[in-house]
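Contents: one structure, followed by commentary.
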Amino acid sequence: MNPKLVTLSVNHRTHHVALNPNTTLLSALRDLGYTDVKSGCEKGDCGACTVLVNGIAVNACLQLAWLAEGQDILTVAGLGSSDQPHPLQTAFADFGAAQCGFCTPGMIMSAKALLDERPQPTEAEMRKALSGNLCRCTGYARIFEAIEHAAKQLNVDSRG
Amino acid sequence: MLPTNTHILYPEFDYHAPTTLYEVTELLAQYGDSARVMAGGTDLLVQMKMERRQPSQVISLMHVNALQGISQNGSLDIGATTSIQEIHRRLPQLYALAEACNGFSSIQIMYMATLGGNLCNASPASDSAPPLLTYDARVTLKSKTAERVLPLERFFLGPGKTAMQPDELLAQISIPAPLPHSGSAFIKISRVVADISQVCAAARLTREGNTIRDARIALGSVAPTPVRAAGAERDLIGETFSPALAEKIGKQAAQEISPISDVRATREYRQQVAAVIVRDALLRAWERAQ
């Protein structure tokens, strides 16, 4: 088992890191300082580690970092800044869609993947898209309200 | 020594990323039992984190283009590393399989997990297996020197056990062209949609007017492997379809299975629910078999 120099593109930054093959994308990201990606169940059940790889929501705990080489990785911290938050981030804050906040990064990334594909999702589509993200505090009502609001906001923005 | 079940990917392994089928079979011939192929990784990595499997060689299949995609050559040929999401999107006319892929798990897992991986994991609760059994699917197993084709029914030997030899790779799943006037359906009962099934059932019916010309029923989570209810199938063929017949056959199929009680459901629950979902799957399959 020999480490390899892997190039990871995270939130439009490029990192060169020596990684063993048994490093998951999740632990590689957290070791690089992307602690906005949460480690929950480590088994693909809870969705707290959801990131976008080439626009698709994946569980970073079930992906080997070597496989992510050269792919475009987006975490919730790359979605917007404090000055210019993404409409999803604003909506989650405004609607009180976070309580302890642990599931929130994964929730927002799953919602982002959904809205990229379906700008005006139905309630059933929202529920399906977030079925792999567990929240143990708020229940899901406010989360869905926030996504619905963000979808409207994004559609207004895209119409200019 | 580290405590076990840390959920950290502790086992050390060498990682191989071949790009051709031949290279994969060469690696399997070389390493045999100490190697494990990895497709989406959604089962294997969890098993490795739980220290249930500790392969010293991991062979990724995700760079082998020949294993990906769906093609039509008389039969419908599905490459082993085609994702569950792709099958759901591309094959809506295969109702039972599409329904199984739709309720398979979360979106994340649907994009990552593959059809071949789901079959090779050989879980009795596999969602994709019962529909494929009703379509009389065959699997192509390749080694460095040989290739053989098995009916899917003979592929499963027990929980986590398949007919595959250590030097073999599941390369392709083939579904024979469907008979005209056929319809299928899949129903899964689970605590929440993304969860593993407590019981699942698939049915395929071929009709000639009001007569049942051909029938298949398969169930998951009710035996050590996904199973067909052969007696119930036989009693359907040649009969005139009616809701009462579907009801009777559902009960009969439930008598043919031998479920266990475990964390997800009791034996009695599984048996009772199996009768109902087999009935409902038959009703739906018949409606679709126009």
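For the stretch B:44-78, a residue qualifies if it is within 14 Å of chain A (Cβ to nearest Cβ) and of a type in the set (S, T, N, Q), and the qualifying residues are B:GLN47, B:GLN54, B:SER56, B:GLN57, B:SER60.
Filtering the stretch B:188-214 to residues that are among the aliphatic types (A, V, I, L, M) and under 24 Å from A:MET126 (Cβ atoms) leaves B:ILE189, B:VAL192, B:VAL193, B:ALA194, B:ILE196.
B:ARG148 fulfils the conditions (1) part of a strand (DSSP E or B); (2) touching a Cys at 6+ places or on another chain (Cβ under 7 Å) except for a single criterion, (2). In the set (1) within 11 Å of chain A (Cβ to nearest Cβ); (2) touching a Phe, Trp or Tyr at 6+ places or on another chain (Cβ under 9 Å), the condition left unmet by B:GLY41 is number (2). A search for C-beta distances below 6 Å between a residue of the stretch A:6-27 that is in contact (Cβ under 8 Å) with a residue 60 or more places away in the chain and within 14 Å of another protein chain (Cβ to nearest Cβ) and any residue that is part of a strand (DSSP E or B) and hydrophobic (A, V, I, L, M, F, W, C), counting only pairs 6+ apart in sequence or on different chains, returns A:VAL6/A:VAL17; A:VAL6/A:LEU19.
Conditions tested, residue by residue: (1) touching a Ser or Thr at 6+ places or on another chain (Cβ under 6 Å); (2) surrounded by 21 or more Cβ atoms within 10 Å (Cβ to Cβ); (3) at the interface with chain B (Cβ under 10 Å from one of its Cβ atoms); (4) not small (Gly, Ala, Ser).
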| residue | (1), (2), (3), (4) |
| --- | --- |
| A:LYS4 | no, no, yes, yes |
| A:LEU32 | no, no, no, yes |
| A:VAL37 | yes, yes, no, yes |
| A:ALA60 | no, yes, yes, no |
| A:SER82 | no, no, no, no |
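Identify the residue in the stretch A:121-154 that is at negative phi and small (Gly, Ala, Ser) and, among all such residues, is surrounded by the most Cβ atoms within 10 Å (Cβ to Cβ). Residue satisfying both the conditions and the ranking: A:ALA146.
Being in contact (Cβ under 8 Å) with a residue 24 or more places away in the chain and either of a type in the set (Ser, Thr, Tyr) or farther than 21 Å from B:ALA129 by Cβ (or both) narrows it down to one of B:GLU287, B:GLU256, B:GLU268, so name that one. Reasoning before the result, please.
On the way: B:GLU256 fails: either of a type in the set (Ser, Thr, Tyr) or farther than 21 Å from B:ALA129 by Cβ (or both); B:GLU268 fails: in contact (Cβ under 8 Å) with a residue 24 or more places away in the chain.
Being in contact (Cβ under 8 Å) with a residue 24 or more places away in the chain and either of a type in the set (Ser, Thr, Tyr) or farther than 21 Å from B:ALA129 by Cβ (or both) holds for just one of B:GLU287, B:GLU256, B:GLU268, which is B:GLU287.
For the stretch B:117-136, the set of residues classified as of a type in the set (Gly, Ala, Ser) and touching a helix residue (DSSP H, G or I) at 6+ places or on another chain (Cβ under 8 Å) consists of B:GLY117, B:SER126, B:SER128, B:ALA129, listed by residue number.
Computed from the coordinates by the stated procedures, all read-outs in this text should not be read as laboratory data. Since this is a predicted model, take the numbers as computed values, not measurements. So basically every Cβ, Gly included, is an ideal-geometry build from the backbone, and we count neighbours across all protein chains shown.
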